[in-house]
Amino acid sequence: MSLDSKSHFHLTEQSILMKHCDLSGKIIGNAMKVHAALGNGFQEVIYQRALEIEMSYNEIFFSREFEMPIYYRNKQIGTRRVDFLVEKIISVELKAVIKLEPVHFAQAMNYLEAYNLEIGLLINFGAKRMEFHRFKNLKFKP
C-alpha cells in the first residue's frame, strides 16, 4: 500500500518478505515487551528509555537520538535526530500518541531519505494496543 502514488517510499505492515525482517522483528518484539510492562499513557521519553534498556539487555546495537545533518543542494541546512538508529541500518521513530497522523508517517519516511537508510520503523506506544509500521526507502542508494 503506497501512501501516495508519487511517493518514493513504500509502506508495508507486517511484511514477511522484507529486508532486515529478523532485526526489525527483534526491535518490534522488544517494543511489545515495553508496552506490555508499561501500557499506554506515558510520555514518549519514558518509552524511549525503557526500549533502550530492553534492546541493551537483548544485545541489539543502537545509537539513541542519533543526530545527522540535513542537506539541501549539497549544503547543510540543519540537523535532525532519530530516536534510535539500530545497527546503522534501521531508523526507529517512537511516538506516544492516541492516534498516528499523516505527519508522523511523513517524519519517519523523511528520516529514511535524509539518512539514506533503507528500512525504518514507526512505533506508537500511546494507543491501547501498541502499533508499528515498517517503511522501505525506494530511493535508497547502497
Among the candidates PHE42, PHE84, residue that is outside any strand (DSSP E or B) and among the hydrophobic types (A, V, I, L, M, F, W, C): PHE42
For the range 40-51, does any single residue satisfy the condition of being surrounded by 14 or more Cβ atoms within 10 Å (Cβ to Cβ), within 15 Å of LEU23 (Cα to Cα) and under 14 Å from the mean Cα position of the chain (by Cα)? yes
Failed condition for PHE105, given (1) buried (at least 16 other Cβ atoms within 10 Å of the Cβ); (2) touching a helix residue (DSSP H, G or I) at 6+ places or on another chain (Cβ under 9 Å); (3) part of a helix (DSSP H, G or I): (2)
Mind telling me which of the residues GLY126, GLY120 ends up being part of a loop (DSSP other than H, G, I, E, B) and surrounded by 15 or more Cβ atoms within 10 Å (Cβ to Cβ)? GLY126
Which of the following residues is outside any loop (DSSP other than H, G, I, E, B), exposed (fewer than 14 other Cβ atoms within 10 Å of the Cβ), at pLDDT 90 or above and charged (D, E, K, R): GLU59, GLU54, GLU65? GLU65
The one condition LEU122 fails out of (1) more than 15 Å from the chain's Cα centre (by Cα); (2) closer than 16 Å to LYS26 by Cα is (1)
May I ask you to verify whether GLU87 is without any contact (Cβ under 8 Å) to a residue 60 or more places away in the chain and either farther than 14 Å from GLN107 by Cα or surrounded by fewer than 18 Cβ atoms within 10 Å (Cβ to Cβ) (or both)? no
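The values are calculated or read from the model by the stated rules, or taken from the named source; none is laboratory data. Worth saying up front: this structure is predicted, and the values here are computed from it rather than measured. Every residue, glycine among them, receives a Cβ derived from its backbone with ideal geometry; neighbour counts consider all protein chains shown.
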